[in-house]
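Got a structure here, written out as structure tokens. Questions coming.
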Amino acid sequence: MTLKPQIALRPYGEGDFELLQAILGDPEMTRFLGGPESTEKLQQRHERYLALRNSEWDRMFVILAGAQRAAAGTIGYWQHEHQGEAAWETGWSVLPAFQHQGLATQATLAVIDLLRADRRRHSVYAFPTVENLASNAICRKAGFTLEGVSDYEYPKGNPIRCNVWRLDLQS
């Protein structure tokens with residue numbers, strides 16, 4: 001029997017800038033997101049993530065893996081409106097050394113549990129690019145339903161094609 005590594009989530013903190021750099025400053029990690037962010041953009045994002053600690057709605061977490069509680073990636077959720085529906089959106093990134101271990105799926109399930117307990121929204125969405133097979137697989141494993149495909153810009157000026165995944169938080 002293979003045991004899945006355990007994860008924990010903790011709020012994103014002041015000391016997590018290096019983790020953010022490893023995730024969003026790396027060409028391979030950002031190949032589906034328009035490429036790496038500049039140091040200036042990363043610093044701005046770091047400040048936004050830190051400010052979320054005081055948000056009543058939006059959150060960003062560090063995914064901690066195993067007994068060592070190693071920082072393996074990030075996951076968050078934020079308010080989102082999709083086709084007139086007030087909902088949540090979630091997104092995640094896991095460092096290469098921790099990929100293919102089920103950590104992102106476990107973290108996504110943990111966020112879903114938090115959102116179900118919150119009860120302020122009925123749905124959570126995820127929008128991985130159609131090419132991002134791993135993130136689309138996580139959506140399937142976490143119980144999301146594929147609703148279609150949509151065009152977005154991320155970052156602004158970079159057109160991407162995303163799958164639209166929805167999970168009903170009341171079922």
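A quick yes/no check of all residues on (1) among the small types (Gly, Ala, Ser); (2) in contact (Cβ under 8 Å) with a residue 60 or more places away in the chain:
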{"residue": "Ile7", "(1), (2)": "no, yes"}
{"residue": "Leu50", "(1), (2)": "no, no"}
{"residue": "Gln79", "(1), (2)": "no, no"}
{"residue": "Gly91", "(1), (2)": "yes, no"}
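While we're on this one: Within the range 69-92, how many residues turn out to be within 21 Å of Arg45 (Cβ to Cβ) and over 12 Å from the mean Cα position of the chain (by Cα)?
Residues of the range 69-92 that are within 21 Å of Arg45 (Cβ to Cβ), as a first pass: 71-80, 88-92.
Pick out the ones that are also over 12 Å from the mean Cα position of the chain (by Cα) and you get 71-72, 79-80.
Result for the range 69-92: 4.
Within the range 35-60, can you find the residues that are in a loop (DSSP other than H, G, I, E, B) and within 16 Å of the chain's Cα centre (by Cα)? Give the derivation first.
Kept after step one, since they are in a loop (DSSP other than H, G, I, E, B), are these residues of the range 35-60: 35-38, 55-58.
Selection gives Trp57, Asp58.
Given the conditions (1) modelled with pLDDT under 95; (2) out of contact with any Leu (no Cβ under 9 Å at 6 or more places or on another chain); (3) within 27 Å of Asn54 (Cβ to Cβ), report the number of the one that Asp113 does not fulfil.
Condition (1) is where Asp113 drops out.
Here's something else I'd like to know. Residues that are free of Cβ contacts under 8 Å to residues at least 24 places away in the same chain, more than 27 Å from Arg161 (Cα to Cα) and surrounded by fewer than 15 Cβ atoms within 10 Å (Cβ to Cβ): does the range 23-44 have at least one?
The answer is no, given that none of the residues of the range 23-44 is free of Cβ contacts under 8 Å to residues at least 24 places away in the same chain, more than 27 Å from Arg161 (Cα to Cα) and surrounded by fewer than 15 Cβ atoms within 10 Å (Cβ to Cβ).
Looking at the range 93-110, which of the residues that are free of Cβ contacts under 8 Å to residues at least 40 places away in the same chain and more than 11 Å from the chain's Cα centre (by Cα) is farthest from Asn136 (Cα to Cα)?
Ala97
For the range 102-133, name all the residues that are over 21 Å from Glu81 (Cβ atoms) and among the aliphatic types (A, V, I, L, M).
Result: Leu103, Ala104, Ala107, Leu109, Ala110, Ala117, Val130, Leu133.
Hand me the list of strands (runs of 3 or more DSSP E) wholly inside the range 81-171 holding 1 or more residues that are under 19 Å from Asp58 (Cα atoms) and touching a strand residue (DSSP E or B) at 6+ places or on another chain (Cβ under 7 Å). Walk me through how you get there before you give the answer.
On the way: elements: 85-94, 123-126, 145-153, 159-168.
Where strands (runs of 3 or more DSSP E) fall fully within the range 81-171 and carry at least 1 residues being under 19 Å from Asp58 (Cα atoms) and touching a strand residue (DSSP E or B) at 6+ places or on another chain (Cβ under 7 Å), they are 85-94, 123-126, 159-168.
The values are calculated or read from the model by the stated rules, or taken from the named source; none is laboratory data. A quick note: this is a predicted structure, and the numbers were derived from the prediction, not measured. Quick reminder, even Gly has a Cβ in these numbers, built from the backbone with ideal geometry, and neighbours come from all protein chains shown.
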